[in-house]
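The structure under discussion appears below in the form of structure tokens.
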Amino acid sequence: MEVEKEIRIRKNKSGLKSKLSKKKTTEDTLRDRTLTDGGRLLDNLPEDQRDEGDGESISDQDSISFEKDAMRSLRSGSDEMEELQKKPLKVNIEIDVISSMLFAAAVVTRFYKLEEPRNIVFDELHYGKYVSLYMRRTFFFDSHPPLGKQLIAAVAYIAGFNGNFKFDSIGSPYKEDVPLFALRFVPAACGSLLVPSVYHFMLELGCKQWTAALAAFLILCDNAVVTQSRFVLMESMLLVFSLYGMFCVLRFRKMRNQAYSWQWWLWLSLASISLTLALCVKYVGFFSCCLGMALLWWDYWLMLGNRLLSDSSLIWNAVVQCFVTIALFLAVYFTVFYIHLAVLSKAGPHDSVMTSAFQASLEGGLASITKGQPLLVSHGSHITLRHTHGRACWLHSHNHVYPVQYTDKRGSSHQQQVTCYSFKDVNNWWIVRLPNKDNLLVSQPVVPIKHGDVIQLIHGITLRALNSHDVAAPMSPQNQEVSCYIDYNVSMPAQNLWRVDITNRDQVGDDWHAIESQVRLLHVDSNQALKFSGRQLPDWGFNQHEIVTDRIINQDDCVWNVEEHRYTKSDDEKERERDLLNAEMIPLAATKLSFWEKFLELQYKMVFIVKENVQNHMYSSDPIEWPTLTRGIAYWVSSEDNGQVHLLGNIIVWYSGTISVILYFAFFVWYLLRRRRHCYDLTPDSWDHFVEVGKVLFMGYLFHYLPFFFVEQTLFLHHYLPAFTFKVLLTAAFIEHLYELICMIPVLSILRRFFEAVLGLWIVTVLYVFQKFSVLSYGTVSLSANDVLKLRWKDTWDFIIHK
């Protein structure tokens with residue numbers, strides 16, 4: 001309507017100009033600006049959208065009246081501006097009473113007797129150990145990003161934790177000097193912040209205040225969320241960062257008509273930072289990032305249909321959003337890992353999973369052995385060959401042969417066994433030899449082995465050469481067996497020549513370097529690569545890992561590197577053996593790796609190397625069992641009675657949530673079918689809100705739940721908590737929708753009152769179940785066997801009774 005009015009004013013411009021004063025007062029300037037903006041708006045309209053008018057013009061009297069109203073508004077605005085300039089700057093602070101009450105209740109439930117039980121509870125065994133390693137600056141390997149551990153370690157450091165406590169086993173008591181409150185503070189604080197975050201998130205989604213309060217109440221009274229927030233665990237941090245990130249996404253989506261305003265930049269930046277922080281706690285946060293990006297790109301898809309926006313503005317908007325999101329993501333992610341690698345500078349129990357170069361860059365450990373060793377591999381070099389990627393093991397041989405016949409009746413070469421051994425051992429040493437030389441002494445000056453050179457590898461103890469024949473490998477019959485050659489005077493000559501293929505010669509050059517060069521050893525006769533198969537040999541192979549050759553040479557398992565290296569000092573066999581048995585290097589200078597080299601290797605190990613996992617944990621569960629709370633997890637049990645901590649959700653909340661997810665989907669399909677038949681059951685605003693709830697909450701549930709059906713690792717109930725949070729929020733939103741449907745029919749006032757009564761009774765039941773099972777959430781109450789049995793509402797709940 002404002003645009004049409006401005007158009008009519010332009011068509012009667014001559015009448016307006018004769019009535020307006022030509023004095024350059026403040027009112028004239030503001031009025032001209034208003035008219036100019038209206039004209040620009042008209043000029044930007046496409047030709048086919050411009051109003052042609054009705055052939056009539058406004059009267060002079062209407063024009064004068066409109067001008068007087070405009071002038072009066074302008075004067076009023078000018079007076080207000082002058083009044084504001086006279087008044088001092090004031091800041092108004094609004095306090096949401098409901099939010100404050102919810103936060104206070106969350107603090108009470110999360111911090112209540114936080115130091116009890118004063119024993120190691122479930123995964124505190126691992127995360128507590130990581131925190132103690134942070135205190136000692138000792139490197140550790142974890143498959144998840146380090147932010148959560150860093151936050152806990154920071155508070156523990158402030159509290160004076162020295163990291164000397166050994167997290168030996170679940171149930172072990174903490175010593176008095178361990179600041180347990182500080183260790184559990186960050187998870188409890190994040191668990192407390194989660195409740196008001198849910199409340200404000202629901203308000204931002206467009207839900208009513210009572211709906212937002214209901215959703216927060218359900219999170220407040222869920223036993224699983226409480227349990228996970230009271231111990232040294234990561235889920236509460238993951239949830240609060242994810243939810244706040246999604247809150248920022250919702251705020252940003254409302255700024256679409258205020259592009260490039262400071263609020264637009266602020267909420268886009270906060271959304272990117274918060275969702276990245278969630279991912280830096282656990283990689284499960286990636287699902288929240290995907291949900292946020294999906295919502296933003298859906299909005300952008302809708303923007304493409306706006307004909308008032310030019311192509312250049314649409315492209316620029318997409319470029320800016322992508323740049324800000326990616327730049328902030330990388331900045332936060334790199335910063336977290338930079339702190340991680342800068343702090344953990346000492347060798348530790350987990351560094352064996354890293355490459356030799358990474359280990360040698362740490363203080364102590366492998367670095368104390370390899371610091372002073374020669375760099376260039378030459379004829380006569382004594383080396384140990386480490387499997388570079390994946391499992392840490394070394395090329396190994398011993399004075400035992402393959403059995404004449406395997407259990408599947410296949411025959412072997414009956415040659416000396418070659419394996420991959422996971423421990424340091426004198427039988428891991430090999431001597432590099434050029435085929436045209438008789439002795440094993442290093443020449444002076446040293447002539448390095450280069451890319452493409454053909455060598456032999458002589459086992460340092462048995463002096464037999466690494467060999468391969470056209471014989472099927474014991475555990476991988478599709479591959480070729482690898483052995484050390486024994487001359488049995490039969491028609492099986494030695495095939496012991498190997499070509500050196502340096503895979504990273506672009507970085508280290510053509511010379512074969514210890515530690516740094518990554519090599520493939522290609523069997524000359526078969527042109528196959530020496531490979532770690534990953535399969536374990538039976539008892540006759542001492543349960544060591546199988547070594548084979550493979551036709552497919554471009555595999556990570558075909559890559560090796562020299563770890564320990566020394567030059568042969570004597571041609572005497574006995575003296576060489578004594579040197580190998582007493583091999584020690586003189587520490588000189590540490591191996592240096594840049595942050596980016598360490599970061600890339602660590603990322604590769606975290607993302608692509610599958611950690612060995614306990615597949616038959618008695619409390620593991622499948623994703624299909626989570627919505628119905630089929631089983632929980634025993635976190636801790638008292639040694640004095642049956643008091644225990646058991647991860648178990650509020651069964652009323654969990655079942656109500658599962659039913660709500662199913663009903664929401666059924667209602668959505670029903671509405672779609674009805675609308676296809678032009679039957680509109682909801683008002684446009686109600687329908688838009690119902691769809692928005694589905695886009696954010698229903699899709700959020702699917703984004704965080706369905707991927708676990710494709711995960712090949714041991715899963716537990718706590719993996720469901722991110723999806724569960726979205727399910728709870730959807731439950732509250734769906735209850736609001738049902739209530740609105742009932743209120744749409746005035747004659748059903750009795751039904752409305754019945755619905756309210758049932759809802760109130762349901763809330764009381766939720767509170768009752770939370771209180772009843774809180775003894776399992778806190779672990780502060782002594783329980784008898786009978787008490788535990790009374791809490792076993794489902795046969796699949798495996799509580800521990802030992803007293």
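The values are calculated or read from the model by the stated rules, or taken from the named source; none is laboratory data. As the structure is a computational prediction, the values presented were derived from the model and not from experiment. Backbone-built Cβ (ideal geometry, glycine too); neighbour counts: all protein chains shown. These area figures cover heavy atoms from the full protein model, side chains too; ligands, DNA and RNA do not enter into them. Shrake-Rupley method; radii C 1.70, N 1.55, O 1.52, S 1.80 Å.
What the table shows:
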| read-out | value |
| --- | --- |
| Of all residues in segment 610-633 being open to solvent by 20 Å² or more (accessible area, probe 1.4 Å) and closer than 30 Å to LEU697 by Cα, the one that is modelled with the lowest pLDDT | SER620 |
| Matching residues, segment 259-286, being farther than 19 Å from LEU151 by Cα and crowded, with 24+ Cβ neighbours inside 10 Å | ALA271, SER272 |
| Condition broken by SER483, with the remaining ones in (1) hydroxyl-bearing (Ser, Thr, Tyr); (2) open to solvent by less than 20 Å² (accessible area, probe 1.4 Å); (3) within 21 Å of HIS389 (Cα to Cα) satisfied | (3) |
| Selected residue (only one of ARG464, ARG410, ARG433 is of a type in the set (Lys, Arg), closer than 19 Å to GLN544 by Cβ and over 45 Å from the mean Cα position of the chain (by Cα)) | ARG464 |
| Any hit, segment 53-60, residues being at pLDDT 50 or above and either of a type in the set (Val, Ile, Thr) or in contact with a His (Cβ under 6 Å, 6 or more places away or on another chain) (or both) | no |
| Positions within segment 492-508 being touching a strand residue (DSSP E or B) at 6+ places or on another chain (Cβ under 8 Å), in contact (Cβ under 8 Å) with a residue 24 or more places away in the chain and either of a type in the set (A, V, I, L, M) or not in a strand (DSSP E or B) (or both), in sequence order | MET492, ALA494, GLN495, ASN496, LEU497, VAL500, ILE502, THR503 |
| Residues satisfying the stated conditions in segment 471-495, i.e. more than 14 Å from ILE547 (Cα to Cα) and not aliphatic (A, V, I, L, M) | TYR485, ASP487, TYR488, ASN489, SER491, PRO493, GLN495 |
| Exclusive hit being more than 30 Å from LYS282 (Cα to Cα), at pLDDT below 95 and assigned to a helix (DSSP H, G or I), set LEU759, LEU751 | LEU751 |
| Hits in segment 307-347 - residues which are in a loop (DSSP other than H, G, I, E, B) and buried (at least 18 other Cβ atoms within 10 Å of the Cβ) | LEU344, ALA347 |
| Those helices (runs of 4 or more DSSP H) lying entirely in segment 115-214 with at least 3 residues within 17 Å of GLU235 (Cα to Cα) and among the hydrophobic types (A, V, I, L, M, F, W, C) | 147-158, 180-204 |
| Every residue from segment 704-729 that is assigned to a loop (DSSP other than H, G, I, E, B) and crowded, with 17+ Cβ neighbours inside 10 Å | LEU715, PHE716 |
| Cβ-Cβ under 9 Å pairs, at least 6 apart or on other chains, segment 690-707 side farther than 17 Å from ALA215 by Cα, far side outside any helix (DSSP H, G or I) and open to solvent by 10 Å² or more (accessible area, probe 1.4 Å) | HIS704/VAL284; TYR705/PRO627; PRO707/VAL284 |
| From PHE286, PHE252, PHE217, residue being farther than 29 Å from TYR130 by Cα, without any contact (Cβ under 8 Å) to a residue 60 or more places away in the chain and out of contact with any Cys (no Cβ under 7 Å at 6 or more places or on another chain) | PHE252 |
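For every residue, the table says whether it meets (1) of a type in the set (Gly, Ala, Ser); (2) at negative phi; (3) crowded, with 21+ Cβ neighbours inside 10 Å.
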| position | (1), (2), (3) |
| --- | --- |
| LEU648 | no, yes, yes |
| GLY657 | yes, yes, yes |
| ILE662 | no, yes, no |
| ARG676 | no, yes, no |
| SER686 | yes, yes, no |
| LEU697 | no, yes, yes |
| LEU702 | no, yes, no |
| THR731 | no, yes, yes |
